[in-house]
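To start, the structure under review is shown below, and the notes come after it.
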Amino acid sequence: MSSRYVTVDGNEAAASVAHRLSEVIAIYPITPASPMGELSDEWSANGKANLWGQVPRIIEMQSEAGAAGAVHGSLQAGALTTTFTSSQGLLLMLPDMLKIAGELTPFVLHVAARSVATHALSIFCDHSDVMMARTTGFAELCSSTVQEAQDFAAISHAATLKARVPFLHFFDGFRTSHEVSRIVALEDEQLRAMIDEADIAAYRSRKLTPDAPVLRGTAQNPDAFFQAREACNGFYDAVPGHVQAAMDRFERLTGRAYRLYDYVGAPDAERVLVLMGSGSDAVRETVDYLVARGEKVGVVIVRLFRPFDVATFAKAVPASVKAIAVLDRTKEPGAVGEPLYQDVTTAFAEAGRAARIIGGRYGLSSKEFTPGMVKAVFDELKKPAPRNHFTVGINDDVTKRSLDYDASFDLEPPEVVRAVLYGLGSDGTVGSNKQTIKIIGQEANRYAQGFFVYDSKKSGAITVSHLRFGPKPIRSTYLVKSASFVACHYAPLLERHDVLESAAAGATFLLNTHHPPDQAFKYLPREVQEQVLSKKLKFFVIDAFKVAREVGLDRYISAVMQVCFFKLSGVLPMDEALEHIRHAVEKTYGKRGSEVIKRNFAAIDAALANLHEATVPTKLNGALPRPPVVPKEAPDFVQRVTAMMMAGKGDLLPVSAFPVDGTWPTGTTRWEKRAIALEIPRWDPSICIQCNKCSLICPHAAIRTQLVDPKSLGGAPKSFVTMDFKAKDFGNAPSGAGWKYALQVAPDDCTGCGLCVNVCPARDKANPRHKAIDMAAVEPLRDVERENWKFFAELPYVDRTAVGPELKASQFLEPLFEFSGACAGCGETPYIKLVTQLFGDRMLVANATGCTSIYGGNLPTTPWSKNQQGRGPAWANSLFEDNAEFGLGMRLAVEAQEQLARSLVTSLAPKLGDTLVRELLEANQDDEAGLAKQRGRVQALKEKLKGLDSAEAKRLLGLADALVKKSVWIIGGDGWAYDIGYGGLDHVLASGANVNILVLDTEVYSNTGGQASKATPIGAAAKFAAAGKAVGKKDLGLLAMSYGNVYVASVAMGAKDAQTLKAFREAEAYPGTSLIIAYSHCIAHGYDLEHGCEQQKLAVDSGVWPMYRFDPRRIAAGEAPLQLDSPTPKTKARDYMKNEGRFRMVALRDPKRYEDLVAANEEFSARRRAVYEQLAAVHVTNREKGH
Amino acid sequence: MAVDLSTTWLGLTLEHPIFPGASPLVDDLDMVRRLEDAGAACITMHSLFEEQLVAEQMAAHRHLDAWTELNAEAQGWFPSTADFALGPDAYLEQIRKIKAAVKVPVIGSLNGTTPGGWLEYARLIEQAGASALELNLYALPSDPQQDAHAVEQEQLFIIRKVKATVKIPVGVKLSPFYSSLPHFARSLEAEGVAGLVLFNRLYQPDIDTETLALNRVLHLSDPSELLLRLRWLAILSSRTKVPLACSGGVHETEHVIKALMAGAGAVQVVSELLKNGPRRITHLRDGLKLWLEEHEYDSVRQLSGSMNLERSPDPSGYERANYVKLLQGYHR
């Protein structure tokens, strides 16, 4: 059979096999394994059948624990079943995995290996997750490449059916799961030949059926358990044989040969590395290189990690070996060594072999693993006393365990074309590069590899594409270090990143810039000019934004830049390349209609005409160097550590630079000036009505309002504008003069989303298009506003005790959540920011994993910050699934310490003075004035305690701050609250504990890419609900109300901000559990988020999103606890739905279904409204009043 | 002898002159069948609006495609399987379905914005099986650099190109806003246009005085709108030989008769059908027949144009005198 090549990533390679060999697939999204589930869902939704002509049933569960349970049940009842997961997801599956293995059930679990969260979460790759599963009784088979991800998927499915032992098939997250590579496809006939129908029949014969009833899952006593546990031994003994037999069969079918432990290298090798996963390709590459230079080295690539086959492994290692280094991609603190090292050591001992064996760690959380590092390990083995338990790839300057390596060691063959392309997430760079890989991968004898690095920001994110093309399969599983082509698709990146770092001497440098070819050079930062000259780069320019704009593609420059890449790199003849690009455009956008294709074609044609070689002078022209990454007034830690990470040089930081326990300073986003907005708001005080709505809605706290004492205006820049404050609420300024009102934009922190301008109600009467704030091009405003902002940021905030309850006043409070990496126009962050303004200085936050934890806690810089007094939210993220419990725990700790402090105050009363003690213990801390007084008393207490020399006094000194009321907030998205964390959330709701739960409801899993949750509304298309969700949104609020003693609010800031504020204040003041469900518009809704507030209004006006407050305190007054804050619907759900892509997709795909779902949504909303109206009118009784 | 109700419209022989004009009625296949059962002489599709198609495609491109591959965790936020009908496919498919469902002719309708769009969609509508094509010549001139002549020349150019592209008869639906409608009608006649529809009813912007928003509204027609049509039917039918259709303000049999007398050869009805259902066609057709019989007319052809500028007993009534007379009447 002739080989058919496909260009796919590891996830698709594995899923294509799993889908064809399964009947039931239960899944739950988790990075980086989500695409396997999504693809399976997509295939099934399109009617793609498995090998037996049946379309696999896909079911999205509420968590990985749920998916594992469903898998277990499906296996018991006899269906061929699979699932996909990673990291924490795998951990949630462990209990079921032990059962599935204990019951000897054929099953394959495909894992994209990812770090398990420890001192920090990481979405990137290591083997800590699969190592957690190594005691489950699952066989573990490891793929190292995209090709193997496909091949080993087939081998595991075949072997598990033979062996009855379940398999965990894994490959490296991102490096393999997301690497796009050309591989040989597995055909259906080949797969069919791999599977023995008799094995399936045997499996089915063991299923649970009332026709032949049996019982599984018994409880066993000491008399039976041990022997019964040992009864499975024979099956485990047979696994290696079954796997090798499957590999042999596979080789006969495909010609691709694999062994359980593949040895590559010199037959007489003296130094050998042992490892598994994608790193083994880099080792192979290095071994080939070293062997060709006469070195006696080799590598054993471990495929079957569990059960570990001692004899076969020992046989795989050449008899000549003298020293072995075992590389583990995981860390097991406290162990003798990491798992693979221990196994190899034991295996060698058991096999009676002798060699010096050392172990080391590499590649944690996708740390680069390069030939230079591999060589360092081989070199170490040469030493008379090589270091054991080393690390490689980092600089451990604390415990000195790291090996030195030569970062410049490069062995990539010259015939491989290497390219590095810098882009912005929103410009389509990665998408078109994936296409480029596919185009080249179609060619005969052309191998292609694409790997993509993203930063962690959701707005203005930078992407770096690393592409390789060559005549032989590409084994370089690391980033391109030396490129013959470097492109920068967004010129301002040159100011912040060392884009040309990877440019090889004589390389081509392509820049998207509006400067003409004869001018472009002089606008390059000095460092870039130096590199262009010293490396003798060929410099080309194109004004891609202009080209894209002129053909009507907005800022979508991907097609333009792709054409330039082909033109300049010469990977393919240009005519051929153009034909392929056009074809790819048709294929990609065909479903979008002819106009999209037409405009992309026009862009392709215009690209070549606008690409020019730039003039490069012979010497520097005096350009300024790059500005420092952070200003010199930044704190020391930010200068030393954060700045390095911001510049993309974090890899160079030594161990000593880092906190030992994952504790980081807050308030660091203010040092990261990203300057990503093309337009920023411009204020016209002459029509401003000082409503402060702009400040309230700003997702990034980048537009702020402040009352200013005229006395403070002394050093103000000339351009700094204020106006008289119109209201009398705040009396006079401390200087006695009337307050001035200032509105200021942070030009480098604004994302240009436009929400502020959209909510601004103040229009020029004669020209209503002009508002009190309008969006204006950032140039030439930037420099002026930078100065203004700098001045504004230093102004003192008004005294919190003077701030009243109204909405306007809330915006004079300092936001303690600023400049996050959230999407431009994010609907969640305005709520978080408001909470910090109201309660931030005494707030603890438990944050569920998700968007909130990423824009809230992903390095290098984080938005949670401190006020001018140094107080601010203390924030922590535990897990996705346990956040409610995590927050409850914080509350318990707060109360325990408060209780202890109070009892110490009481027992020390004679020494502290009765008045202070009484006031401390009886303090009313219901408002800011009360809180301020209590802080004063605590200060006085501390002063007194310092003068006391008793153990009790010392204890109290450390606990005194606990006497100031704390506010515990539990924050997360709907995926957490409605699905994975609901069990815990429910328990916390029932606890009565004084915590405030804020659910930022985007109605979809936003962070992992738009999978449906139980909060997804009727009629919305989402992943796993591609046809439009048919079931109504879960009524989380009503479930919480059923407890009767939980404060519940449903809010939509964009519809009625005053109600949001009222709910936040009431919830916080409520001395029990509070739940706020907040409508949050999201890019996953598919429209321009500058219209987010208009959509929120429509959601409320149509009854799709009810607003209410359920306050148990009202029961005591004989009132119904529920108050409906949204009016009787004024418009139809249809009017709301028609504006959002998530609903429009359904309409365009199936108009009839859309109409049905619109009607269903309207009926659902009306029915819910009817229930609420009745609840709001209900007559309640209470104990005291007895009615 | 039975009265001859037949007429010719866009080169097609119709059993009688009354049929639904361009409207959303055609979106529902069942409604189309009911219209035919009620006696509709042909079916006119609503316009395929190039501007809308383009806007939808680009919006989807912007909102769905532009949000992909920008984050390590999410390669996109939407299911990629969705098979959107973003191009003209849904419209063309509807023509095919209607063709298969009814025996009467189906007339396509098109509003383009670019020369390429006019030609491409005209060709596709013909391929989908339309018996004739109505070009909805609605463009709002807001560019002070472009004079009236240039506007007309551009429209004539497009008509010429479309005529050269398709074989089916091509009609033109006009707005009343031309400096010299008779001259433009002559020019259209010279291009070989098979019929003119008087007039397009346009979405009009309305101002919300509270929110300062513009709302686009389209009210259903009422009989007062007929008068404008009567005048121009009367004038144009005496100045060109192109068949004319009346569109707008026809609700009762009397209106049909007036439109025909003024010079229409065909009468389109929309608002009346939307308000009172497809059976109104039967009512209007039967009413016309009865009236012709009672008034001893032989045929619709005999009636058509009998009261136009050329033939009416007092033609000055259609020209400026009309205004003078009214004012005099007012003073009296």
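Nothing in this text is a laboratory measurement; each read-out follows from the coordinates by a stated rule. Bear in mind the structure is a predicted one, so any value in this text is a computation, not a measurement. As a convention, Cβ positions derive from the backbone with ideal geometry for all residues, glycine included, and neighbour counts pool all protein chains shown.
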Using a Förster distance of 35 angstrom, determine the FRET efficiency expected from the C-beta separation of B:Glu296 and B:Asn276, and round it to 0.05. 0.75
Between region A:436-455 and region A:107-164, what is the C-alpha centre distance in whole Å? 25 Å
If one computes the Cα centroid of region A:806-877 and of region A:975-1029, what distance in Å separates the two points? 21 Å
With θ set to phi - 60° and the Karplus curve 6.51 cos²θ - 1.76 cosθ + 1.60, what are the ³J(HN,Hα) couplings of region A:201-212 in order, to the nearest whole Hz, using x for Gly and Pro? 4, 5, 4, 5, 5, 9, 5, 6, 8, x, 6, 8
With an 8 Å cut-off on Cα pairs and a minimum separation of 6 or more residues, tell me the relative contact order of chain A in percent. 6 percent
Within region A:322-357, the residues whose backbone N lies under 20 Å from a label point placed 7 Å from the Cα of A:Arg401 along the Cα-to-Cβ direction are A:324-346, A:357
Cβ charges +1 (Lys, Arg) and -1 (Asp, Glu), total dipole of the protein assembly as shown, debye: 1260 debye
What average number of partner chain Cβ atoms lie no more than 10 Å from the Cβ of the residues making up A:1138-1150? 4
Compactness relative to 2.2 N^0.38 Å, alpha carbon Rg of region A:852-909: 1.55
If I fit a long axis through the Cα atoms of helix B:181-190 and take the longest principal axis of the Cα atoms of chain B, what angle between them do I get, 0 to 90°, rounded to 10? 70 degrees
Once every DSSP H run of n ≥ 4 in chain A is given -39500 (n - 2.57) and the sum is divided by its residues, what mean residue ellipticity at 222 nm do you get, rounded to the nearest 500 deg cm²/dmol? -11500 deg cm²/dmol
Please list, in chain and number order, the residues 5+ apart from A:Ala634 or on another chain whose amide H is under 5 Å from its amide H, with Hs placed from the backbone. none
Tell me the label-point distance for the pair B:Asp314, B:Asp27, using the 7 Å Cα-to-Cβ offset, in nm and rounded to one decimal. 4.6 nm
In degrees, nearest 10, the alpha-carbon axis of helix A:928-946 is tilted away from the dominant principal axis of the alpha carbons of chain A by 70 degrees
With +1 assigned to the C-beta of every Lys and Arg and -1 to the C-beta of every Asp and Glu, and no other charges, what is the dipole magnitude of region A:563-686 about the Cα centre in debye, to the nearest 20? 180 debye
Please compute the Kirkwood hydrodynamic radius over chain B, one decimal place, Å, based on all pairs of different Cα atoms. 21.5 Å
Rounded to the nearest 0.05, what FRET efficiency do A:Ala349 and A:Glu23 have when you use their Cβ-Cβ distance and R0 = 45 Å? 0.55
On alpha-carbon atoms, Rg over Rh for region A:436-479 using Kirkwood Rh? 1.10
Apply the a/c threshold of 1.5 to the C-alpha gyration tensor of region B:59-200 and tell me whether it is rounded, prolate or oblate. oblate
Quick check on chain B: helices-only [θ] at 222 nm, where DSSP H runs of length 4 and up contribute -39,500 (n - 2.57) each and the sum goes over total residues. Nearest 500, please. -12500 deg cm²/dmol
Identify, among A:Pro1121, A:Ala1027, A:Thr7, the residue whose Cα sits farthest towards the positive end of the charge dipole of the protein assembly as shown, taking +1 on the Cβ of Lys and Arg and -1 on the Cβ of Asp and Glu, with the dipole about the Cα centre. A:Pro1121
Computed FRET value (nearest 0.05) for A:Ala1116 with A:Val1031, which takes r as the C-beta separation and R₀ as 35 Å: 0.40
For A:Ile1076, the residues 5 or more places away or on another chain with a placed amide H closer than 5 Å to its own amide H are A:Ile997, A:Leu998, A:Val999, A:Ala1049
Across the alpha-carbon set of the protein assembly as shown, Rg over Rh with Rh taken as the Kirkwood radius works out to 1.01
List, in order, the whole-Hz ³J(HN,Hα) value for each residue of region A:667-676 obtained from phi through the Karplus relation with A = 6.51, B = -1.76, C = 1.60 and θ = phi - 60°; use x for Gly and Pro. x, 9, 4, 5, 8, 9, 8, 8, 6, 9
Spelling it out for A:Gly359: with amide H atoms placed in the peptide plane at 1.01 Å from N, the residues 5 or more places away or on another chain with amide H under 5 Å from its amide H are A:Val326, A:His389, A:Phe390
Can you tell me the 0 to 90 degree angle between the C-alpha axis of helix A:558-569 and the longest principal axis of chain A, rounded to 10? 40 degrees
Working out 0.36 nm times the residue gap between A:Lys711 and A:Gln190, then minus their Cα-Cα distance, what length gain in nm do you get to one decimal? 179.3 nm
What is the order of B:Ser179, A:Ser177, fewest Cβ neighbours within 10 Å to most? B:Ser179, A:Ser177
Would you be so kind as to identify which of B:Asn276, A:Tyr1154, B:Gln145 lies farthest towards the positive end of the dipole of the protein assembly as shown, taking Lys and Arg as +1 and Asp and Glu as -1 on Cβ and the Cα centre as origin? B:Gln145
A correct Karplus calculation of ³J(HN,Hα) over region A:630-644, with 6.51 cos²θ - 1.76 cosθ + 1.60, θ = phi - 60°, whole Hz and x for Gly and Pro, returns 10, x, 6, 7, 5, x, 3, 4, 5, 5, 7, 10, 4, 4, 4
Taking a label point 7 Å from the Cα of A:Lys1152 along Cα-to-Cβ, the residues of region B:1-32 whose backbone nitrogen sits under 16 Å from it are B:27-32
Go ahead and collect, in residue order, the members of region A:870-914 whose backbone nitrogen is under 11 Å from a label point 7 Å along the Cα-Cβ direction of A:Ala951. none
Does region A:998-1041 come out rounded, prolate or oblate, given a ≥ b ≥ c as the square roots of the eigenvalues of its C-alpha gyration tensor, rounded meaning a/c under 1.5 and, failing that, prolate meaning a/b above b/c? oblate
Going by the alpha-carbon gyration tensor, a ≥ b ≥ c the square roots of its eigenvalues, is region A:96-184 rounded (a/c under 1.5) or, if a/c is not under 1.5, prolate (a/b greater than b/c) versus oblate? oblate
